[in-house]
Amino acid sequence: MQKAGQFLKQSTLNKKNILLAAITLLLIAAALFIFSKRLTKDNDDRFVTFIADCKKQNIKLYWKDTSNENFRSIQNFKLWLNKNNQLLLFAMNAGMYKPDNSPQGLYIENEKILSALDTANGNGNFYLKPNGIFYITADNVPFVCTTSNFLANPQIKYATQSGPMLVINGQIHPAFTKASANLNIRNGVGILPGNKIVFAMSKTAISFYDFADYFKMLGCKNALYLDGLVSHAYLPEQNWIQTDGNFGVMIGVTEK
């Protein structure tokens, strides 16, 4: 009887050890999965990605130079900044534009409304509702919101309207489908936790769904599509230098 009792006790201990080992392996597997997802997220080679901080960098929207001439290309913009002793860290086209390179929809620069809010219905990506607005307040807080939720106020320093929204309150735009054959170069902007801004451009053609999913994976609750085929980005720290183009508004990040 004593031996039988010892056997049962040993058997129980073995089962507990096996259970503990299994739980440990599951925890290790989960940790490795999370780490691999984070590694993939932070090193996704499909995109040119730049994270900006309004508190540490100058993040502005630009359309015309001091002679009232459209910049049009990143090269013209960069040369103008150089003449004004400013180092360009990052640049990207910042929304859709009309044939004369004027902004389509709302555009605010230095707290001045230079193009009015567009709430009309129409065709094309801009009017794929909900569309939205990327803006920065006078106290350097960035936002992305839908056009219908936008509230104009004199404390908005910069704003650009575009469409469609990519991510809305943590959810991918309902019009996007995983199996879409609508592929294109795309660029956009999203807001990260801690009021950081993430700008991203696909290096190759991509669907709206996959592009939106990238912003969601990064942690953006709201993100906005800026433009498509014409999109360019300048990010010398990643050896990504596109300085041509024929744009309307551009985003520029410089040192403070």
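A quick yes/no check of all residues on (1) assigned to a helix (DSSP H, G or I); (2) out of contact with any Asp or Glu (no Cβ under 8 Å at 6 or more places or on another chain); (3) at pLDDT below 95:
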site: Phe199; (1), (2), (3): no, yes, no
site: Thr204; (1), (2), (3): no, yes, no
site: Phe215; (1), (2), (3): yes, yes, no
site: Tyr234; (1), (2), (3): no, yes, no
site: Gly245; (1), (2), (3): no, yes, yes
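Return yes when Val249 is out of contact with any helix residue (DSSP H, G or I) (no Cβ under 7 Å at 6 or more places or on another chain), surrounded by 17 or more Cβ atoms within 10 Å (Cβ to Cβ) and not hydroxyl-bearing (Ser, Thr, Tyr) and no when it is not. Against the criterion (out of contact with any helix residue (DSSP H, G or I) (no Cβ under 7 Å at 6 or more places or on another chain), surrounded by 17 or more Cβ atoms within 10 Å (Cβ to Cβ) and not hydroxyl-bearing (Ser, Thr, Tyr)), Val249 qualifies.
Quick one: count up the residues across the stretch 186-205 that are surrounded by 19 or more Cβ atoms within 10 Å (Cβ to Cβ) and either touching a residue at least 60 places away in the same chain (Cβ under 8 Å) or in contact with a Cys (Cβ under 9 Å, 6 or more places away or on another chain) (or both). Before the answer, list the steps.
Within the stretch 186-205, the first condition is being surrounded by 19 or more Cβ atoms within 10 Å (Cβ to Cβ), and the residues that meet it are 186-191, 197-202.
Then keep just the ones that are either touching a residue at least 60 places away in the same chain (Cβ under 8 Å) or in contact with a Cys (Cβ under 9 Å, 6 or more places away or on another chain) (or both); that gives 187, 189-191, 197-202.
Total meeting the criteria: 10.
For the residues Lys157, Lys78, the requirement of being at negative phi, modelled with pLDDT of 95 or more, part of a strand (DSSP E or B) and of a type in the set (Lys, Arg) singles out Lys157. Report whether or not Asn68 is in a helix (DSSP H, G or I), more than 21 Å from the chain's Cα centre (by Cα), in the same structural domain as Ala200 (by TED's automatic domain parsing) and free of Cβ contacts under 8 Å to residues at least 60 places away in the same chain. Considered against the rule, which asks whether it is in a helix (DSSP H, G or I), more than 21 Å from the chain's Cα centre (by Cα), in the same structural domain as Ala200 (by TED's automatic domain parsing) and free of Cβ contacts under 8 Å to residues at least 60 places away in the same chain, Asn68 comes out as no. Please find, within the stretch 110-139, the residue that is surrounded by the fewest Cβ atoms within 10 Å (Cβ to Cβ) out of those that are touching a residue at least 60 places away in the same chain (Cβ under 8 Å) and out of contact with any Asp or Glu (no Cβ under 9 Å at 6 or more places or on another chain). Among those residues, the one meeting the criterion is Ile136.
For the stretch 106-139, how many residues are among the charged types (D, E, K, R) and part of a loop (DSSP other than H, G, I, E, B)?
Of the residues in that region, 4 qualify.
How many of the residues in the stretch 140-154 are outside any strand (DSSP E or B) and of a type in the set (Ser, Thr, Tyr)? If you could, list the steps in order and put the result at the bottom.
First, pick out the residues of the stretch 140-154 that are outside any strand (DSSP E or B): 140-141, 147-154.
Now drop any that are not of a type in the set (Ser, Thr, Tyr), which leaves 147-148.
Total satisfying the criteria: 2.
Only one entry in Leu39, Leu27 is at pLDDT below 65, within 30 Å of Val198 (Cβ to Cβ) and of a type outside the set (Gly, Ala, Ser), namely Leu39. Condition check for Pro99 on (1) without any contact (Cβ under 8 Å) to a residue 40 or more places away in the chain; (2) of a type outside the set (S, T, N, Q); (3) assigned to a strand (DSSP E or B); (4) over 26 Å from Lys256 (Cβ atoms): one failure, at (3).
The values are calculated or read from the model by the stated rules, or taken from the named source; none is laboratory data. Every value quoted in this text rests on a predicted model; they were computed, and no experiment measured them. Note that we place each Cβ from the backbone using ideal geometry, even for glycine, and neighbour counts take in every protein chain shown.
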